[in-house]
1. Looking at Ser72 and the list (1) more than 17 Å from the chain's Cα centre (by Cα); (2) assigned to a loop (DSSP other than H, G, I, E, B), which single condition is not satisfied?
2. Here are some residues: Phe32, Phe58. Which one is surrounded by 10 or more Cβ atoms within 10 Å (Cβ to Cβ), of a type in the set (A, V, I, L, M, F, W, C) and more than 17 Å from the chain's Cα centre (by Cα)?
3. Among (1) surrounded by 10 or more Cβ atoms within 10 Å (Cβ to Cβ); (2) assigned to a helix (DSSP H, G or I), which single condition is Leu85 missing?
4. Might you let me know whether the stretch 59-67 holds any residue that is free of Cβ contacts under 8 Å to residues at least 40 places away in the same chain and assigned to a helix (DSSP H, G or I)?
Amino acid sequence: MMTKTIKISQETHDLLSELASKNDTFNDVITFLIDYYRENEEFLDKQAEAYNEDIENFEKGNLDNVSEITLSDLEKRISKLENELKK
């Protein structure tokens, strides 16, 4: 493995040290943070772009991709999502 040197502030160094367990290297911590970010990133850029486009269309009155849902169905969907998040 090729080693690279990066410059970080003392504050960042201290934060990385706090996140590291006894046997972790900074490389381990940074890799973990990158993996965590990728797994928990709410939207990919393309997804966010598509959602923003849908919102713009809706705001302009274009309702082609809009469907109606009853309050009861919405509550069921929310409950289902909450249960999935608890797993």
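1. Looking at each condition in turn, Ser72 falls short on (2).
2. The match here is Phe58.
3. Evaluating Leu85 over (1) surrounded by 10 or more Cβ atoms within 10 Å (Cβ to Cβ); (2) assigned to a helix (DSSP H, G or I) leaves (1) as the failure.
4. yes
Where a number appears in this text, it was derived from the coordinates with a stated rule and is not lab data. From a predicted model like this one, the values you see are computed outputs, not experimental measurements. Here the Cβ is made from the backbone with ideal geometry for all residues, glycine too, and neighbour counts use every protein chain on show.
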